[in-house]
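Below is one structure; the comments refer to it alone.
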Amino acid sequence: MAKIFSNSRKRRPLDSLPDIVERAKKSIVKVYHASGQGTGLIVDPKGLVVTNRHVVGLQSYVDISDAADRTECGQVVLSDADVDYAFVLTAPWDVEPLKFREMSGVREGETVVAIGHPLGYSYTVSKGIVSSKGRRYRNIDYLQTDAPINPGNSGGPLLNEQGEVIGINTWIRSDAQGVGFAFPIDYVKRAMARLNVDFSAIGKGYYCNLCGFLNFRFLETPARKYCTNCGAAVIFKERPAPQPTHTVTVPPDATTPVSELACTCCKTVNPGSQKYCQHCGATLKKT
């Protein structure tokens, strides 16, 4: 009687969707500045975050906050306007980065999850499938998904059922429903190879806001310095001064002095001469 051979190697059971979301949220951050906000993903615990270039805009520094409300000032170090990625260097994070799945391993029809901060709603989860892989637009191959993607999701990860990152959510068709696009994580891997993950060096480079190039030297004349990639004149931007991180709580029965104002947003007590809250930046209003 012929023997029937089977593969005795057991596959690890898939985590549930809530487990995947809970684990992923530790690596997902909010990226914001005075002109806008989006989502980012910690790709190296030593302090490297990827997001969209259109999220950081022309900023040299942006704020990064995680699910535990930890906030760091991040330095933009590299970006690409064609692919629409940007890398931000921050202080180290105590997280285990999510695994990557390259585009060659992605299948059309597989379930995917998008996590981000759409319309200001933090850590929103949406589910869909890979509608198509290899949607080519302006020489970039995108993953198409029907998972709901909205403003604020930009820069956040697109995950498969194993919790692996397959892409970074980037844009949608505004004239349709359920037609969103993410660039494959392959582009992130190649960019990280360019950076060589040498954090002691990339923090000392100069980021060109116009072309997104990281300069370690300049084209120089006696009067000016210029980006070696695009030739734009260099304008150095100072790192913003750190903001106070403590919050002062005013007892309900306490009387606030006339010379001080309690922020209606975060309750921090500010000097009466302040126009904006020194903690959260909200406009202070006298009552």
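Among the listed residues PHE100, PHE87, which satisfies the condition of being open to solvent by 40 Å² or more (accessible area, probe 1.4 Å) and aromatic (Phe, Trp, Tyr)?
PHE100
Filter segment 177-212 down to the residues that are without any contact (Cβ under 8 Å) to a residue 60 or more places away in the chain and assigned to a helix (DSSP H, G or I), then identify the one that is nearest to PHE236 (Cα to Cα).
The extreme case among them is ALA201.
Does any residue in segment 106-127 that is closer than 17 Å to ARG23 by Cα and without any contact (Cβ under 8 Å) to a residue 40 or more places away in the chain come within less than 6 Å, Cβ to Cβ, of a residue that is in a helix (DSSP H, G or I) and not β-branched (Val, Ile, Thr) six or more places away or on a different chain, and which pairs are these?
THR124/PRO118
Working only within segment 110-145, note down all residues that are under 19 Å from TYR32 (Cβ atoms) and not aromatic (Phe, Trp, Tyr).
ALA114, ILE115, GLY116, HIS117, PRO118, LEU119, GLY120, SER122, THR124
Return the residues of segment 142-165 that are among the aliphatic types (A, V, I, L, M) and over 18 Å from the mean Cα position of the chain (by Cα); say none if nothing qualifies.
Scanning segment 142-165 gives LEU143, ALA147.
Collect the residues in segment 49-102 that are among the charged types (D, E, K, R) and part of a loop (DSSP other than H, G, I, E, B), keeping them in residue-number order. Steps first, please.
Just the residues of segment 49-102 that are among the charged types (D, E, K, R), to begin with: 53, 63, 66, 69-70, 72, 80, 82, 84, 94, 96, 99, 101-102.
Listed by number, the residues that qualify are ASP66, ASP69, ARG70, ASP82, ASP84, ASP94, GLU96, LYS99, ARG101, GLU102.
Restricted to segment 57-79, and to residues that are open to solvent by less than 40 Å² (accessible area, probe 1.4 Å) and out of contact with any Ser or Thr (no Cβ under 8 Å at 6 or more places or on another chain), which residue is farthest from ASP141 (Cα to Cα)?
ASP66
Can you list the strands (runs of 3 or more DSSP E) lying wholly within segment 116-176 that have 1 or more residues being of a type in the set (Asp, Glu) and open to solvent by 10 Å² or more (accessible area, probe 1.4 Å)?
Values: elements: 124-137, 140-145, 157-159, 165-172.
Because the criterion is at least 1 residues that are of a type in the set (Asp, Glu) and open to solvent by 10 Å² or more (accessible area, probe 1.4 Å), the strands (runs of 3 or more DSSP E) in segment 116-176 that meet it are 140-145.
The values are calculated or read from the model by the stated rules, or taken from the named source; none is laboratory data. Please read all numbers here as calculations on a predicted model, not as lab measurements. Note that each Cβ is placed from the backbone with ideal geometry, even for glycine, and that neighbours are counted across all protein chains shown. Please note that ligands, DNA and RNA were not included when accessible areas were found on the heavy atoms of the full protein model with its side chains. Shrake-Rupley method; radii C 1.70, N 1.55, O 1.52, S 1.80 Å.
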